[in-house]
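**Student:** A single structure is presented below for examination.
The values are calculated or read from the model by the stated rules, or taken from the named source; none is laboratory data. Since we're looking at a predicted model, the values are computed, not measured. Virtual Cβ from ideal backbone geometry, glycine too; neighbours counted across all protein chains shown. To get the accessible areas, we keep the full protein, side chains included, count just its heavy atoms, and leave off ligands, DNA and RNA. Shrake-Rupley method; radii C 1.70, N 1.55, O 1.52, S 1.80 Å.
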Amino acid sequence: MTSAQKLFIGGEWVEPAGGHYEVVNPADESVVGLAPEASRGQVEDAARAAAAAFEGWSRTKPEERAAILDRAADIIQREYEPWAALAQAETGAPTGIARGMQVGVGVSRFRRYAKGALEPVERGLPPQVTDAGPMGAASILGALEVRQPVGVVTCITSYNNPWANPAGKVAPALAMGNTVVVKPAPQDPLSVFRMAEALHEAGVPAGVVNVVSGTSVEVGEAAVDSPDVDMVSFTGSTGVGQRIAEVCGRTMKRQLMELGGKGAAIVLADADLDQAVMGIGTTFSFYSGQICTAPTRVIVHRSVYDQLVEKLQGYLAFMKVGDPAVRGTVVGPVISAAHRDRVESYVELGRKEGARIAFGGERPVVGTEGKGFYVAPTLLVDCTNDMRVVREEIFGPVVVVVPFDGDEDEAVALANDSDFGLISYVWSADAARAFRVARRLRAGGVGVNTIGRNMEAPFGGFKRSGVGRDVGSYALHAYSEMQSIVWA
């Protein structure tokens, strides 16, 4: 019989008031487990528990917080195999992704912020000499910049990575002395409860970590509008992020928002096309395109346009779509039937808008029964910047290609003509030119001849791609308030 998961509130495993719902494996539509449906009252209980635990946790020694985070990493590592299998079942990720990019990154983020808990939170500022005046006698004023925890942080996480994304919120928030209410994505919450298990076993005090899940909109609403919540950290769509920001604005809750992306990949005439194709091709393989940082919008000089399209077609021909648990699979399913239909509707929209389907476009059949939510990796070419498939985030294994005829000014203008600005990319054999173009892009991050990320560099978006920065020490700053202490 499929096990029924309980909520984690105030250090206890609690029966959900709303019963349970099925978590479905996107690869074969089997039931992975039963996830708890919290009520608004239970979410508010979780926020109250976090608020009650804040005073004690925020005053613990950094060494104690570091030890707990390190122990949690040890426990996740110990349970690596079964928890990677669960992540794969919930998300449909190929084995390498589930192991390395999901659970593996979860472990590394707890390790990173165990060290982060020990980073200095105080910085002395130069003394200031003041003359006598209305404010008092002449004096020399010293000053100290101090980072303090924010309080109770609601962490609302995305479905594409139920380990790396929650760990990237929970670990730095705890390291800074905050307490958390975690609201995982409804499609794959079971892995996040395993993370709570690890933290509970590691010795995190009752109420410091709480996990509530559900399919109802009111679960997320309660996690945002609770008066006990001081900050909301959200990863997801721009539309939902805007609604959360409106609610946060009413009581001036702090926010960290990592929202949608439509990464521009500028391929200049002198680019190494094989290198560019390898980078752009990751869109299809990583999470089946369900990744906000993907280079989904290729802007390529006309002189190498045909060559690039041909190389992308060749690359796609070798990408095996299939059961993510089978060796050799590169592209697994998307998260749900509804999302599969959404991605396919964008492909059809692109066709109607005048784009040409250079590869894909038909629904693949996997296995003898044809179950699972599979989308063919699709390449849309001959696109223009006014097409919706070019302007809107599809969040699936779909890449659009837009040619340009002029110089780098035209390429930059096309790239910046977007509501989004998360991560963009530049490929050119001239490093100085590539860096010059990168500096002109309105994006929170730019990859120059690489899709790799430096995990100590700030991560976040311009425009509608988000508010704030995290990763590395920047995450510790994101989950802290700045205080100044001045003395004579």
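**Student:** Just to compare against my own numbers: the Cα pair-distance distribution for segment 201-288, 10 Å bins, whole % per bin, please.
**Tutor:** Spelled out bin by bin, segment 201-288 gives 12, 30, 23, 19, 13, 2 percent.
**Student:** Treating the beta-carbon of each Lys and Arg as +1 and of each Asp and Glu as -1, no other charges, what is the dipole magnitude of segment 357-488 about its Cα centre, to the nearest 20 debye?
**Tutor:** On the way: 13 positive and 17 negative charges, 76 e Å.
So the dipole magnitude of segment 357-488 works out to roughly 360 debye.
**Student:** Now for a separate question. Name the residues whose placed amide hydrogens come within less than 5 Å of the amide hydrogen of G447, ignoring near sequence neighbours (fewer than 5 apart) on the same chain.
**Tutor:** Those lying under 5 Å, H to H, from G447 are S424, Y425, V426.
**Student:** Mean separation of Cα pairs under 8 Å and 6+ residues apart, divided by the residue count of segment 101-240: what relative contact order is that in percent? Could the numbers behind the result be given before it?
**Tutor:** On the way: 209 pairs, mean separation 36.3, N = 140.
The value is 26 percent.
**Student:** For the chain, build the convex hull from the C-alpha positions and give me its volume per residue in Å³. Intermediate values should be presented prior to the final figure.
**Tutor:** Details: hull volume 79.6 nm³, N = 488.
Dividing the Cα hull volume of the chain by its residues yields 163 Å³.
**Student:** Amide H neighbours of V32 under 5 Å, at least 5 residues apart or on other chains, H built in the peptide plane: list them.
**Tutor:** Sorted by chain and number, the residues that satisfy this are V23, V24, N25.
**Student:** Just how large is the dipole of the chain about the Cα centre, in debye to the nearest 20, putting +1 at every Lys and Arg Cβ and -1 at every Asp and Glu Cβ?
**Tutor:** Numbers: 46 positive and 57 negative charges, 100 e Å.
Taking the Cα centre of the chain as origin, the dipole is about 480 debye.
**Student:** Mind checking the dipole of segment 342-389: about its Cα centre, +1 per Lys or Arg Cβ, -1 per Asp or Glu Cβ, Debye to the nearest 20? If you can, show how the numbers build up before the last one.
**Tutor:** Numbers: 7 positive and 7 negative charges, 16 e Å.
Dipole size: approximately 80 debye.
**Student:** Which whole-Hz ³J(HN,Hα) couplings does segment 227-241 yield from phi under the Karplus relation 6.51 cos²θ - 1.76 cosθ + 1.60, θ = phi - 60°, glycine and proline marked x?
**Tutor:** Taking θ as phi minus 60°, the curve returns x, 7, 8, 9, 8, 10, 10, 10, 10, x, 6, 4, x, 5, x Hz for segment 227-241.
**Student:** Of all the accessible heavy-atom surface of the chain, with the other protein chains kept in place and a 1.4 Å probe, what percent is carbon and sulfur?
**Tutor:** Values: 10590 of 19950 Å².
So the carbon and sulfur contribution to the accessible surface is 53 percent.
**Student:** Counting only C-alpha contacts under 8 Å and six or more residues apart, can you give the relative contact order of the chain as a whole percent? Mind showing how you got there, number by number?
**Tutor:** Values: 1155 pairs, mean separation 85.0, N = 488.
The normalised contact order for the chain reaches 17 percent.
**Student:** Run through segment 1-74 and list the GluC sites (Glu not before Pro) located in a DSSP loop whose Cβ has at most 16 other Cβ atoms within 10 Å. Walk me through the intermediate numbers first.
**Tutor:** On the way: sites: E12, E22, E29, E37, E44, E55, E63, E64; in loops: E29, E37.
Sparse-neighbourhood loop GluC sites (Glu not before Pro): E29.
**Student:** Per residue of segment 455-470, in order, report the coupling 6.51 cos²θ - 1.76 cosθ + 1.60 (Karplus, θ = phi - 60°) as ³J(HN,Hα) in whole Hz, putting x for Gly and Pro.
**Tutor:** Karplus-based 3J(HN,Hα) across segment 455-470 equals 7, 10, 7, x, 10, x, x, 8, 6, 7, 8, x, 9, x, 9, 9 Hz.
**Student:** At 1.4 Å probe radius, can you tell me the per residue accessible area of the chain in Å²?
**Tutor:** Result: 41 Å² of accessible area for each residue.
**Student:** Wrap a convex hull around the Cα atoms of segment 1-159, take a quarter of its surface area, and give that in square nanometres. Intermediate values should be presented prior to the final figure.
**Tutor:** Values: hull surface 57.7 nm².
For segment 1-159, the mean projected area of the Cα convex hull comes to 14.4 nm².
**Student:** Among the lysines, which fall within straight-line cross-link reach of K6, defined as a Cα-Cα distance under 24 Å, with same-chain neighbours fewer than 8 residues apart omitted?
**Tutor:** Here the lysines satisfying the reach criterion relative to K6 are K169, K183.
**Student:** Run through segment 261-316 and list the chymotrypsin sites (Phe, Trp or Tyr not before Pro) located in a DSSP loop whose Cβ has at most 14 other Cβ atoms within 10 Å. Before the final figure, lay out each step's value.
**Tutor:** On the way: sites: F284, F286, Y287, Y305, Y315; in loops: none.
Qualifying residues, ordered by number: none.
**Student:** Computed over the Cα atoms, what is the radius of gyration of segment 360-488 divided by 2.2 N^0.38 Å, N being its residue count?
**Tutor:** Details: Rg = 19.7 Å, N = 129, 2.2 N^0.38 = 13.9 Å.
In units of the globular-protein estimate, segment 360-488 measures up at 1.42.
**Student:** Continuing with this model, one more query. Under the Karplus relation 6.51 cos²θ - 1.76 cosθ + 1.60, θ = phi - 60°, what is the ordered set of whole-Hz ³J(HN,Hα) values for segment 301-309, x standing for Gly and Pro?
**Tutor:** 5, 4, 5, 10, 4, 4, 5, 5, 4
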